[in-house]
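Readers should treat all values here as calculations from the given coordinates under stated rules, not as data from a laboratory. This one's a predicted model, so the numbers in the text were calculated from it and none came from an experiment. A quick note on method: Cβ atoms are made from the backbone with ideal geometry, for glycine too, and the neighbour counts reach across all protein chains shown.
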Amino acid sequence: MHTVTLIRGDGVGPEISEATLTVLEATGVKIAWEEAIAGQEALDKYGTPLPEATVESIRKNKVGLKGPLTTPVGSGFRSVNVALRKALDLYVNLRPARSWPGINSPFKEIDLVVVRENTEDLYAGVEHMVGNDAAESIKIITRQASERVVRFAFEYALKHGRKKVTAVHKANILKLSDGLFLETARQVAEGYPAVEFEDRIVDNMAMQLVQKPHLYDVLVMPNLYGDILSDLCAGLVGGLGMAPGANIGDNAAVFEPVHGSAPKYRGANKVNPAAMILSAVLMLRHLGEMEAAARIEAALKAVLEEGRAVTYDLGGSAGTQEMAGAIAARIKAG
Ligand code: NAD
C-alpha cells in the first residue's frame, strides 16, 4: 500500500483528478490518498494558498499527485507552485514528451525528456528597479544546483535505458553563469562513461528540436531554457493536453500536468485528462509500479488509436470522464 498526498487543484483540477483516480483504480494498485488543499480553495478556507499542513503531508508521504492551481491574484505569492517547489526543494522539473497515435502533429515518433533545473537562474526572483526607467533581474547559477540536476539527468538516463544526455546553455555569451553550468555538466558526465554526452547552445537547440528532434534523447538545462524548450517539446507531441510533468527532490516528488487550471472550462467535463493521467504514470514508475504504469500507457494508446472516446483538443467530442472511463475499461479488459 502506498500513501500519496492528493491535491485536486483549482479550475478543471477536480475533474481531471477524478478522471485520473478512475484510471488508477482500474490498475488495482493500492493507494491510500491523503487529501490536501492549496491554491484558491485553500485561500478561501485558510487565508493562505499554501497551508503548512499541505506541505507537511507531502513531506511525510514523500509523494504527491497534484492538479493545477490557480495562483490567486494579490495573495503575496508569485506562484503557489513555485512556493511548493521551494518548500520541498524539488530541484528537478521532469517533462517527458513522446508521440502518441491519433494526434494531429507533423512530428512523429518523438521521444524526448527535458530535465529542467527548478530552483535558480532568473527564477530566483532577485530583481529590482534601477531608478524609474531600468530594471535588473539577476541570473543565479551555482555549482551545487547545476551538479545535482545534471547528475539526476544521467541517473535518469541509466535507469530508463537512454543513450544520450545533451546539456543546453548559452555559455558563448553568458560565460560565467552558463559557463559554470556547462563546466559542471562536463565534470558530471565524466562519471557516466556509458551515456553519451554533448552540449548545444540554446538557440541552435530550439532550431534543431523542430528540424531533427530524433537526434536528441535526454536534455538538461537551467530553469529559463527548460521552461521554454519543454513547452516547445510539448508542442511537438500535441500540446498541453498530453504533457505530463514531475517535480522531484531528494526527499519528495510531486507529479502534475504541465497545463494550468483552464478556468474557462471549469465544471464543463471537457478538457483532456491525459496530461494528469500520464503524470500519474510517472508517479507509478517512481513508486516502482512499473507494470501498472505500462498498462495505463497501453490502454491510453489503444483509446487514442481508436479515436472515439477522445476530448475536443484531440478532435473528438468525448468528455473528460468518458475518455478516462474508456481508458479504465481497456485496462480492466486486459
Ligand atoms: P492553462 O494551461 O490553464 O490553459 C490555457 C489553455 O490551454 C486553456 O484555455 C485550454 O484551451 C488549453 N488547455 C489547458 N489544459 C488543457 C487540457 N487538459 N485539455 C485541453 N485543453 C487544455 O493556462 P492559463 O490560462 O495561462 O492559466 C490558468 C491558471 O492556471 C492561472 O491561474 C495560472 O497561474 C495557473 N497555472 C497553474 C499551473 C500549475 O498548477 N502547475 C501551471 C500553469 C498555469
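Which whole-angstrom value gives the distance between the alpha carbon centres of region 117-189 and region 21-96?
Distance between centres, Cα-based: 25 Å.
Return the subset of 62/159; 62/301; 66/159; 212/270; 139/164 for which the Cα-Cα distance in this structure is over 32 Å, preserving the input order. Don't skip to the end; give the middle numbers.
Details: 62/159 20 Å; 62/301 30 Å; 66/159 25 Å; 212/270 34 Å; 139/164 27 Å.
Among 62/159; 62/301; 66/159; 212/270; 139/164, the Cα-Cα distance tops 32 Å for 212/270.
Can you tell me the FRET efficiency between residue 172 and residue 194 if r is taken as the Cβ-Cβ distance and R0 is 35 Å, rounded to the nearest 0.05? Please list the in-between numbers first.
Working: r = 29 Å, r/R0 = 0.82.
It comes to 0.75.
Ranked from highest to lowest mean number of other Cβ atoms within 10 Å per residue, what is the order of the peptides 13-21, 101-109, 28-36?
Top of the packing list down: 13-21, 28-36, 101-109.
Given the rule -39500 (n - 2.57) for each run of at least 4 DSSP H residues, summed and divided by the residues of the chain, what is its mean residue ellipticity at 222 nm, to the nearest 500 deg cm²/dmol?
Details: 11 runs with 138 residues, N = 334.
That calculation yields -13000 deg cm²/dmol at 222 nm.
Which percent, nearest 5, of DSSP beta bridges in the chain are antiparallel? Working shown, then result.
Values: 19 of 43 bridges.
Of all bridge pairs located within the chain, approximately 45 percent are antiparallel.
Please enumerate, by chain and number, the aspartates and glutamates with C-alpha under 13 Å from the C-alpha of residue 170, excluding those fewer than 8 residues away in the same chain.
The qualifying aspartates and glutamates are 121, 178, 183, 199, 203.
Sort all Cα-Cα distances of region 119-236 into consecutive 10 angstrom bins from zero, then give the percent of pairs in each bin up to the one containing the longest distance.
It works out to 13, 42, 33, 9, 3, 0, in whole percents.
Considering only DSSP beta bridges where both residues belong to region 119-236, give the percentage that are antiparallel (nearest 5).
Working: 4 of 13 bridges.
Here the share of antiparallel DSSP bridges comes out near 30 percent.
What is the extension gain from residue 228 to residue 269, computed as 0.36 nm multiplied by their sequence separation minus the C-alpha to C-alpha distance, in nm to one decimal? If you can, show how the numbers build up before the last one.
Values: separation 41, 0.36 × 41 = 14.76 nm, distance 2.90 nm.
Result for the pair: 11.9 nm of gain on full extension.
So how far apart, in nm, are the two label points at residue 186 and residue 111 if each is 7 Å from Cα heading toward Cβ?
If labels sit at residue 186 and residue 111, their model points lie 3.1 nm apart.
Share of Cα-Cα pairs in the chain beyond 32 Å, in percent?
Numbers: 16197 of 55611 pairs.
Cα-Cα pairs in the chain separated by more than 32 Å: 29 percent.
Between residue 87 and residue 301, how high is the FRET efficiency from 1/(1 + (r/R0)^6) when r is the Cβ-Cβ distance and R₀ = 35 Å? Nearest 0.05.
Values: r = 36 Å, r/R0 = 1.03.
FRET efficiency, residue 87 to residue 301: 0.45.
Quickly rank 203-212, 183-192, 141-150 as a protection proxy: mean count of other C-beta atoms within 10 Å, highest first. Intermediate results must be reported in sequence, preceding the final value.
Numbers: 203-212: 13.8, 183-192: 16.4, 141-150: 19.9.
Going by the mean number of other Cβ atoms within 10 Å, highest first, we get 141-150, 183-192, 203-212.
Stretch residue 290-residue 211 to full length: gain in nm at 0.36 nm per residue minus the Cα-Cα span? Can you show the working numbers first?
Details: separation 79, 0.36 × 79 = 28.44 nm, distance 3.27 nm.
The residue 290-residue 211 span can extend by a further 25.2 nm.
How far apart, in nm, are the 7 Å Cα→Cβ label points at residue 140 and residue 321?
Each label point is offset 7 Å from its Cα along the Cβ direction, giving 4.6 nm.
Run the quick spin-label model on residue 126 and residue 52: label points 7 Å from Cα toward the beta carbon, then report their separation in nm to one decimal.
2.8
Starting from the Cα-Cα distance between residue 35 and residue 250, subtract it from 0.36 nm times their residue separation and give me the gain in nm to one decimal.
Values: separation 215, 0.36 × 215 = 77.40 nm, distance 2.24 nm.
Between residue 35 and residue 250, full extension yields 75.2 nm more.
Please find the FRET efficiency linking residue 329 to residue 158, where r is the Cβ-Cβ separation and R0 is fixed at 30 Å, and quote it to the nearest 0.05.
The computed FRET efficiency comes out at 0.25.
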